[in-house]
Each structure stands twice: as C-alpha cells, then as structure tokens.
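The values are calculated or read from the model by the stated rules, or taken from the named source; none is laboratory data. All of these numbers come straight from a predicted model, not from anything done at the bench. Heads up, the Cβs are rebuilt from the backbone with ideal geometry, glycines too, and the neighbour counts pull from every protein chain shown. Remember, those area values only see protein heavy atoms, side chains included, never the ligands or the DNA or RNA. Shrake-Rupley method; radii C 1.70, N 1.55, O 1.52, S 1.80 Å.
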Amino acid sequence: MNRVSIFILVAGILLAACQKDPASGGGDAKGITVKLTVSPSSPRTAWESGDKVRMFTTPADGAVSYVALSTTSSGPSASFTTSSTVKTGSHYRFVFPDAKADVVASASSVFASVPAKQTAYPGSADPAACILVGQTDDLKKEVSMIPAPALLKFTLSGEGASEVKKMEITSMDGYILAGDIAWELDINSSVYPKVHHNSVRNREQPSSTITLSGTFEAGKTYYVSVVPGASTSGLTLNVSDAEGRTQTLEIAEQLRFIPGTPCDLKTVTVEEFVGVSDFAPRFVYTKEGVKPYVFVFMSDGFTESERDKYTTAAQQAIDYIFSVQPYKGLKEYFSAYICWTPSETSGVGKRWNTTYSGSGMSAMMATYGQDGRNTIYEYVGERCPEVLDKVTSLNNVGIFMLNNNTSYIRPVCDWESSGRFVTPVGLIPNTSSGYSQWCYGGTWKNYDYRDGVRHDLSQEELIALGYASNGRRNGDFREECLHEGAGHGFGRLGDEYWTEGNKAAAGYTGLDYYHNSTLPTMLNISANSSNLPWAVLNNMRDELIKKDARYARIGTYEGAYGYETGIWRAEQVSVMMDNRPYFSTWERALIYMRLMRSSGENSQFDVRNEADLKKFLEFDVANEGIKDSTRDK
C-alpha cells in the first residue's frame, strides 16, 4: 500500500487577536477534543476506532506545529482527542490519514500525492489514497472532512466482473491521473479548495495510468482517487484476470474530475474471460515488501496444434523446480509464467523458429549473441506484470526456452552479471526409452579421487548414492531445467562433474574472476582446498549431524568443473553433477544468499559469515533441505 506524503505551507503573518484557546479561549492547552464529520461526498462513509488525523496549528509567531489526534469511536461523526499540548492559533487544519509531514511556514497550501498504484475496496477508495482535509477557526465547532483528490466512481457488472484481479485506467489524451497535487484552503470559504497538479515536489512520479488491484465483485461500487482536472478524450480500462487474460473497455467522452463530486462512470460491464492467456501465471509471489524473481518459460518449435503439449511440459518443469529445496521453501519470493508464441513449423534443430527470436535466429546466436538475448528480454519485459508494474526489473527475470526437440541436446545457460539469464532446454520425452541417462562423475567410469588417489566406486557405493548398479540413473527435461535454470541461471552454481584424464593445473586461477564478481558466482567449487568458500559450513558439520545424520554428507570432495583433480566440491553428489533433484547443503545456502540479495531483503547477506549461515541453516533444518529423494526413500 502506498504511503501518503503530506506537508503544509502556512502564511507567516497572522493576527494574534484572532487566536482562540483550543480549550477555553486563552493560552495553550494540554489535551483537546475535536468533533470531526466525514463529508457525504467522501467515499469513506464513517470513522473507525483507531483512526488518526493530524492537526496543524498556525500561531501568531508563524511557527506551525502539529499533533496527532485519534478516536475510539466509529460512525460518520467521531470525537478525536490528544493528550499533547496544543498551541493556540488563528486557524486549525486537519489531514486524514495521519502522516509524518514536512512543515514549512510560507504559504497557505497543502500538498499530497495521488498514488499510481491503488488497492480496490468495495464501496470505498484505497485508504492510502483517500485523503480527507478540513479546517476551522474554532475547535468548539464540528469540522467537516472533505476529500482532496477527485474521484472516479464505477459499478462492476457482467459475467467476468468477479474474475477481475487488476484494472489499468489510462487517460486517452495523456492527462496526468496520478502524481503530486496542491490545493489551497481558504478559512473563509465554504466551497471546495482549488486543486491542481503540482510538478515541483517530485514525490510521486506523474502518470497517465492508475493500476487498481485486488478483489473485485460484481454489483459492487468502487472509487479511484485521481488528480483533479479533465480528460478531453476519456479513459481506457484494461481489465485482467488471475490467468492474465485481458479485456479492454473504453469510456470515450470528455470527463471532469472535481474534488467532492465523483466522476461517475456508471456501470462497467466485464464479459466472461475466454481463451488462454499467452502470458499465463503458474503462480505469483506472495512475500510482501520484496522484489520477486520471475521464471518465464517460453516456447520454441511448437505449432498452434502443439500448444497443450508445450503448456503441459512447462507446467511440469515449474512444479518440479519448486518441489525441490530450497526453492520449495522459498516459493513465496518467486513468480512463474508460461509464455506462448506458436512457431510455423514443428521441432527445433539448430534454428529457433518463434517470432520473438527473430526470423531464422539460430540457437547459438540466441544463446551467445547480445542482440538475440536482448530481443527475448524485451519481449518478456513488455508482458511480465511484475516488470510492467515496476515491482521488479528485467534483471530479476530468468528465461527457460523450451525447445521442441525430443533428443538430448547439450544446453548452455547464458547468465549475465546483472542477474538475469536465458537457458535453452530440449523437451526430452517422459518415456523410459527416451530418458537421458546420467552417471557419477559425468563419465561411464564411476570413480573419483580421494587424497589424490583414484577410487573406483563399488556397486554398493553406487546404489547408496541413488544409482543403478552400473552407476547410471534416468532423468528428463525437468531435471535439465533444474540444473541449467535453477542451478546455473539463478543459483550461479558451477558444474560438479568431470572428464576422465582432465586435471587442473597447480595454482589454477580460472575461478577467481567468478568468485570475486559483484554477483558472486560458482562459489560451490574451489581450486584451493585450504581456503574453501564453504569452510565455515565444514566447521558446523558436527553440530548439524546432531540435528540430522544426513548432514554428514558435507565435506570436501575432489573433482568438478570438468576436472577430475585440482577442483573441489562440498558434497559427493548433487544436481550440479548428475541433474538429480537435490542441491547440496552449500548449494542451498548459496541459493538462499542469492535470493536474500536479489529480493532486496538483505543486500549484504553472506553465508560465508557464520551469523548469516546460521540463519540459513535454521531454514534448512526446518524444511528438511538435506533430503535427497534419489537416495532417501
């Protein structure tokens, strides 16, 4: 909800003879009671117990003071009280809701902000945008509180009315509907104050669009606060439901927005929402006050007749990712969308066929070419609600390009230092004959190095790690999405498999750049076994084992990043080795750190510090992050 920012400017030359004691007619008073009445023109019809207003007093010396008053009553009229000392003054001004105000003694004006984002309330305006003002020269008189912004009024009807989740109201001629406003209060006037848009304060960015979100009901009346004035061409109402399906309605007539006289749009009829959205949410973030990270699945090589095939696969992949810890426990920080654009031909070889990729764009160009990436990001940015609403930015978007290719293709996740990524994933079929087969260490020879000596794993050891006796396990495109997008793309994790005979040179420095980047990357692997990023976790291993014996998996294992020796990892197996639905404890910690930073919840969070690591481990133990469904039955 938007915070209302208000301040008052008051004339400094006032007559002391006009001053009245707040309580008895002479001198300051400690504690007063004032009766305030909600004007019939206000969308807020009554006070509620606990409501607070701010009263500004203009004394003879011109030093404006203010106090907060509150009520324990409810109804159209209520008594507001304060126990604070109240200065005498020539007149008193009231603003609801109470807000910390900037006060400057210079001119008789009141400023406020009409927010561009408002919440829908049946029968009322958003309380954060429903600004009421009043004034009196005698606190013994009842004070009428009138709305300062102008108001739009409409009643929803139609079969789709109760399905509406968002309404974007835009002036056709570009008239500013939201932004800073200023009005003058004349103590001798009984009419509404002169109100106009004010471009000096720059507290609220001016906008010709107001977004109204929340729960809508058929037959209910809604109010929207707007900047007073007029739109000569009228308004466009763009309404959408929870699935992202939209309808556009027009009010093509001149409209006047006058404080105290709601501009009645009368009945707004919303038809039944039909079809399937081309940018449909699988789920949206629920954590308040954070910048969500958005996963977007996009189609490539699917014709119109294959839409169900693509949608089903995208849903399966999203659900799979968020069934695995730590994503499962952190789901409230994420949104996930399924974007549909049909291709003219079915299947993908070396070319991407979708319109947003550009005609004839190759997979490699889209993966590595800056123009290809930007085209894809721009396409998403024009459709993603969180980006459009400025809740988050394109740097907090990860794109999974689901290719209609039934054979395994080696995908490459293209991540950027800004935080966003694109990864292509082939649609490996969900059949036993079509599964991809993964193995220990990335080779068919199942071995690793321990203290510099090669160790061949026995069948018993392989089975204990979740493999078949030959060291292989089956997987499909969902695990590719987990490894490439959730692991590389968002988690910024490095690969933990190796190639036989490939040994890292002594003093290898190839990871230094990634470890020291602004967005720390590949901290799950290290070329220095005596200075490991996860050393602090190793030190906590014994305490963790007391909570769950499976934390004994934590340690230091040689082999990763394509090298069988010279690079180390923190657990024997994980998704970054063989695509299994399991992130190692240290990988989960790094994903948690990444999210705390990208969401803005704690930009300095660092699991390499003991205190922050302990916070993650509390989360991890509570969510049984150590469970590996591949081997823990």
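A few remarks follow.
- Site pair THR209 and SER84 shows an inter-label distance of 4.0 nm when each label is modelled 7 Å from Cα along Cα→Cβ.
- Of ILE169, ILE258, the order by accessible heavy-atom surface (1.4 Å probe, DNA, RNA and ligands excluded), from most exposed downward, is ILE258, ILE169.
- Distance (nanometres) between label positions extended 7 Å along Cα→Cβ at ALA464 and GLN316: 3.4
- Accessible area of GLU272 in the full protein assembly, 1.4 Å probe (Å², nearest 10): 110
- Once the Cα-Cα distance is subtracted from the 0.36 nm per residue extended length, the ASN374 to ARG307 segment shows a gain of 21.6 nm.
- Of LYS328/LYS546; LYS331/LYS633; LYS166/LYS331; LYS117/LYS165, pairs whose Cα-Cα distance is over 18 Å: LYS328/LYS546; LYS331/LYS633; LYS166/LYS331
- Distribution of pairwise C-alpha distances over segment 522-633, 5 Å bins, in %: 2, 12, 22, 25, 20, 14, 4, 0
- Cross-link reach is defined here as a Cα-Cα straight distance under 20 Å, omitting same-chain residues fewer than 8 places apart; for LYS445 the lysines meeting it are LYS503.
- Loop GluC sites (Glu not before Pro), segment 273-336 (other Cβ atoms within 10 Å of the site Cβ: 12 or fewer; DSSP): GLU288
- Cα gyration tensor shape of segment 462-509, rounded if a/c is under 1.5, else prolate or oblate by comparing a/b with b/c: oblate
- Spin-label pair HIS455/SER65, simplified geometry with 7 Å Cα→Cβ offset, distance in nm: 7.8
- Computed lengthening from ASP548 to ASN502, 0.36 nm per intervening residue step minus Cα-Cα distance: 13.0 nm
- Estimated FRET transfer efficiency (LEU388, ASP278; beta-carbon r; R0 22 Å; 0.05): 0.90
- Expressed as a whole percent, the accessible area of segment 478-612 that falls on carbon and sulfur atoms is 44 (1.4 Å probe).
- Of all lysines in the structure, those lying under 24 Å Cα to Cα from LYS309, and not within fewer than 8 positions of it along the same chain, are LYS350.
- Per residue value of the accessible surface for segment 213-348 (all protein chains in place, 1.4 Å probe), Å²: 43
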